[in-house]
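Below you'll find the structure, written out as structure tokens, and then a few comments.
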Amino acid sequence: MQRVKKRFVAGAKCPKCHAQDSIVLFKEQGIETVECVECDYREQQTEQKVAAKAGGEVIGVFKP
């Protein structure tokens, strides 16, 4: 079983419980997933939806 690498999103607020710095971002079976560690909020987006929302200019690409 492969381990999922989760990253916190600095300064992000949960849309459900409004807790700051509680959002983690990770990919689950190729689907980008955002989850709150304080409540049960969870949202998933496919690569196509992510690309459609990211219409602004790219400052830089971070590849850890």
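Please treat every number below as a calculation from the coordinates, not as lab data. Here the structure is a predicted model, which means the values were calculated and not measured. Cβ sites come from the backbone with ideal geometry, for glycine too, and all protein chains shown count toward neighbours.
Take the Cα of V9, go 7 Å toward its beta carbon, and the backbone nitrogen atoms of region 24-48 under 11 Å from that spot belong to 24-26, 33-36, 42-45. Dividing the mean sequence gap of close Cα pairs (under 8 Å, 6+ apart) by how many residues region 1-40 holds gives a relative contact order of 34 percent.
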